[in-house]
1. Given (1) more than 30 Å from residue 40 (Cβ to Cβ); (2) at pLDDT 90 or above; (3) outside any helix (DSSP H, G or I), where does residue 53 come up short, assuming only one miss?
2. Could you look through segment 69-107, keep only residues that are exposed (fewer than 13 other Cβ atoms within 10 Å of the Cβ) and farther than 29 Å from residue 130 by Cβ, and pick out the one that is modelled with the lowest pLDDT?
3. Which residues, counting only those in segment 2-38, are closer than 12 Å to residue 56 by Cα and out of contact with any strand residue (DSSP E or B) (no Cβ under 7 Å at 6 or more places or on another chain)?
4. Looking at segment 81-90, is at least one residue touching a strand residue (DSSP E or B) at 6+ places or on another chain (Cβ under 7 Å) and part of a strand (DSSP E or B)?
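The values are calculated or read from the model by the stated rules, or taken from the named source; none is laboratory data. Treat the numbers as computed from the prediction; the structure is a model and nothing was measured. Because the Cβ atoms are built from the backbone with ideal geometry, glycine has one as well, and the counts that use them run over all protein chains shown.
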């Protein structure tokens, strides 16, 4: 089987400069040069899938743009958190529990509670009783979202939703 060689190819902001001896499972890890001048090491899988397009500079730029953006813009992603989603009571279309972050795990016959915050998913626990799982989620929202939203609305008072004023 012929091995794929990515040297010389460009993926997003990354130009592949050389193959390394490192492996990510069966994937070759390449040394890449980003348009910003930084070097980084990325596996074949991440380059070809488009999961990694820069050394991280692109993500930092987007984060800065969200913080410094026009206050009349829609709320966006700040520190890896979707502000409009955590401040809204609107449920996702596929929600079956009636509460965000709580779902029925059929094979185990339990309600599972989880929460996403700042690019991390937190498993909060599972319960036989849906109300107990919802209580876990509500406690986590209070702990994680409350101070963040207070800070956010203090920084960007023009972005306070009409129903929160």
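1. (1)
2. It comes out as 72.
3. Selection gives 12, 35, 36, 37, 38.
4. Checked against the condition, which is being touching a strand residue (DSSP E or B) at 6+ places or on another chain (Cβ under 7 Å) and part of a strand (DSSP E or B), segment 81-90 yields at least one hit.
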